[in-house]
1. Could you please find all residues in the range 89-110 being of a type outside the set (D, E, K, R) and closer than 19 Å to Ala279 by Cα?
2. Would you confirm whether or not the range 13-25 contains a residue that is touching a helix residue (DSSP H, G or I) at 6+ places or on another chain (Cβ under 9 Å), at pLDDT 90 or above and either surrounded by fewer than 17 Cβ atoms within 10 Å (Cβ to Cβ) or over 26 Å from Ile150 (Cβ atoms) (or both)?
3. Any residue in the range 119-147 that is in contact (Cβ under 8 Å) with a residue 24 or more places away in the chain and charged (D, E, K, R) sitting within a Cβ distance under 9 Å of a residue that is away from ligand 1 (no atom under 16 Å from the Cβ) and open to solvent by 70 Å² or more (accessible area, probe 1.4 Å)? List the pairs, counting only those 6 or more apart or interchain.
4. Evaluate the range 112-124: report whether one residue or more is within 16 Å of ligand 3 (Cβ to nearest atom), at positive phi and outside the structural domain of Gly244 (by TED's automatic domain parsing).
5. Are any residues in the range 292-311 within 26 Å of Lys222 (Cβ to Cβ) and either of a type in the set (Phe, Trp, Tyr) or open to solvent by 10 Å² or more (accessible area, probe 1.4 Å) (or both), and if so, which ones?
6. Restricting to the range 212-256, and then to whatever is of a type in the set (Lys, Arg) and more than 16 Å from ligand 1 (Cβ to nearest atom), can you tell me which residue is most open to solvent (accessible area, probe 1.4 Å)?
7. Give the residue that is nearest to ligand 3 (Cβ to nearest atom), with candidates limited to residues of the range 125-136 that are of a type in the set (A, V, I, L, M), out of contact with any Cys (no Cβ under 6 Å at 6 or more places or on another chain) and assigned to a strand (DSSP E or B).
8. Can you go through Ile162, Ile150 and tell me which one is in the same structural domain as Met39 (by TED's automatic domain parsing), of a type outside the set (Phe, Trp, Tyr) and either free of Cβ contacts under 8 Å to residues at least 40 places away in the same chain or buried (at least 24 other Cβ atoms within 10 Å of the Cβ) (or both)?
Amino acid sequence: MKPLPSTLTRHIIRSQAAHPGATGEFSLLMAQIGLVGKMIANDLRRAGLVNILGTTGGTNVQGEAVKKLDEIANESFLKVFQYSGLVCALVSEEMEKPVHLPENWPTGKYMLLFDPLDGSSNTDVNMPLGTIFSILRHDGKGLPTEAEMIRKGTKQEAAGYIMYGSSTMLVFTAGHGVHGFTLDPEIGEYYLSHENIQIPSRGRVYAVNEGNAKKWPECTRKFVEYLKASDKQTGRPYAGRYSGCLVADVHRMLLGGGLYLYPAEVDKPEGKLRLLYEANPLAMVVEQAGGKASTGTMRILDVEAKSLHQRVPLVIGSRDDVTLAEDFMLGVR
Ligand code: AHG
Ligand code: MN
Ligand code: MN
C-alpha cells in the first residue's frame, strides 16, 4: 500500500516534532487557518449563485468600498478564531481596531493579523483572490496592547497566504523555508504540492498597475521603461502580467520569477498596500524563498511600524530584479 502524499496535518505534526519545546498550539493555529481558507474558498465558489457579489454600500477604515465578500471573509476569521483559545489578538484590514476577544474565555499566545480578502475587485469577475496572514507572538501577561501588535516584519513568527485560483493553495513559512499545499476539494484536505519553494534569482515578468505611471516619480517610470526595452542579452522586454490581486501576482513570481510593484507616487509617497498584513507577511515568504522585498529604498522587514493600518510602497520578487529596481529608485542607475 502506498502511503498518502504528505498532508498539511502530517507536515505540521512532523515540523512540531523537530521543535522539542513546542506545545502544539502553532500546529493547531495553522490547521485553523487552513479551515478559514476552505470556508472562504467555498463562499467564493458559490458567490455568483447565492447573491453575495457586489458591495455592501459601506467603506472600510482605508476609505475603500467594502465588498460583501470582504465582510464575509472577515467574519470567517472571527468565527474560527474568536473562541479558538489560540489567539490573543486579531487585526484585520476590515476592522479599524483589533477585535476584542470574549472575556472569561481562554486565549493563546499568538496574534493574527490578516487581509481576509485580497484583490476584492476581482470578486465580481471570477478572477483569482487571496488571503494574507501574519503571525506574531505575545510573550507578556494578559492581552496585548495595540502598541504590542505594531511590530516590524522581522518580528513575525510565521506568515503566508491562501490563493483562490483554479485551485486553492495555502503557502506559508514558519522561518524554515516556504511550503505550498493544494486543497483537494473532494475530501477537504491540503496536500503538500510545492515543497521548499525557491524563487528564481531573476525573472522576465513584471506586475504593476501601469495606469498610474504618470503619478510615479521619474525614477520609477525609467525603471519600468527599462524593463520594456528590447535587449536580448538581458532578456528584455519583460512580459507584463497584472491580475489586480497581489497574492496571485506574488504567487506567479514566487514560482516563476519576476517582480511585483506597487510603488510610491509623487502625491502618495506611502504607496497603497498595508505594511502589517500585506507587505510584511509576503516579504517574509519571499525572503524565505530566496527573494527580496523592498520599499524601493529599504528592506520591507526593517520598516519601523507605527500604526496598524500603515501603508508602504512595495517592490517584491526575484532578488536581482528587486535589486535592479532599487538601483533605479535610489538613483544609482
Ligand atoms: P484589497 O482587495 O485587499 O484592498 O487589495 C487590493 C490590492 C492588491 O491586491 C492589488 O494588487 C492592488 O491592490 C490593486 O490596486 P489597483 O486597483 O490600484 O491596481
Ligand atoms: Mn489586499
Ligand atoms: Mn482586502
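1. If we filter the range 89-110 for residues that are of a type outside the set (D, E, K, R), which is where we start, we get 89-92, 95, 98-102, 104-108, 110.
Passing the criteria: Leu90, Val91, Ser92, Met95, Pro98.
2. No; the residues of the range 13-25 include none that is touching a helix residue (DSSP H, G or I) at 6+ places or on another chain (Cβ under 9 Å), at pLDDT 90 or above and either surrounded by fewer than 17 Cβ atoms within 10 Å (Cβ to Cβ) or over 26 Å from Ile150 (Cβ atoms) (or both).
3. Cβ pairs passing all conditions: Arg137/Lys155; Arg137/Glu157; Glu146/Lys97.
4. First pass over the range 112-124, keeping only residues within 16 Å of ligand 3 (Cβ to nearest atom): 112-124.
Imposing the further condition that a residue be at positive phi reduces the set to 119.
Then drop every residue that is not outside the structural domain of Gly244 (by TED's automatic domain parsing), which leaves 119.
Yes: one or more hits.
5. Taking the range 292-311 as the starting set, the residues that turn out to be within 26 Å of Lys222 (Cβ to Cβ) are 292-300, 302-303, 311.
Those that are within 26 Å of Lys222 (Cβ to Cβ) and either of a type in the set (Phe, Trp, Tyr) or open to solvent by 10 Å² or more (accessible area, probe 1.4 Å) (or both): Lys292, Thr295, Thr297, Met298, Arg299, Asp302, Val303, Arg311.
6. Residues of the range 212-256 that are of a type in the set (Lys, Arg), as a first pass: 214-215, 221-222, 228, 232, 236, 241, 252.
Still in the list and also more than 16 Å from ligand 1 (Cβ to nearest atom): 221-222, 228, 232, 236.
On the way: Arg221: 79, Lys222: 101, Lys228: 79, Lys232: 193, Arg236: 36 Å².
The residue in question is Lys232.
7. Step one: filter the range 125-136 for residues of a type in the set (A, V, I, L, M), giving 125, 127, 129, 132, 135-136.
Narrowing the set further to residues that are out of contact with any Cys (no Cβ under 6 Å at 6 or more places or on another chain) leaves 125, 127, 132, 135-136.
Within this subset, residues satisfying the condition of being assigned to a strand (DSSP E or B) are 132, 135-136.
On the way: Ile132: 8, Ile135: 18, Leu136: 19 Å.
Per the stated criteria, the residue is Ile132.
8. Values: Ile150 fails: either free of Cβ contacts under 8 Å to residues at least 40 places away in the same chain or buried (at least 24 other Cβ atoms within 10 Å of the Cβ) (or both).
Selected residue: Ile162, the only one of Ile162, Ile150 that is in the same structural domain as Met39 (by TED's automatic domain parsing), of a type outside the set (Phe, Trp, Tyr) and either free of Cβ contacts under 8 Å to residues at least 40 places away in the same chain or buried (at least 24 other Cβ atoms within 10 Å of the Cβ) (or both).
The values are calculated or read from the model by the stated rules, or taken from the named source; none is laboratory data. These figures come from a predicted structure and were not determined experimentally. Because the Cβ atoms are built from the backbone with ideal geometry, glycine has one as well, and the counts that use them run over all protein chains shown. For the accessible areas, the whole protein counts, side chains as well, though only heavy atoms, and no ligand, DNA or RNA atoms are used. Shrake-Rupley method; radii C 1.70, N 1.55, O 1.52, S 1.80 Å.
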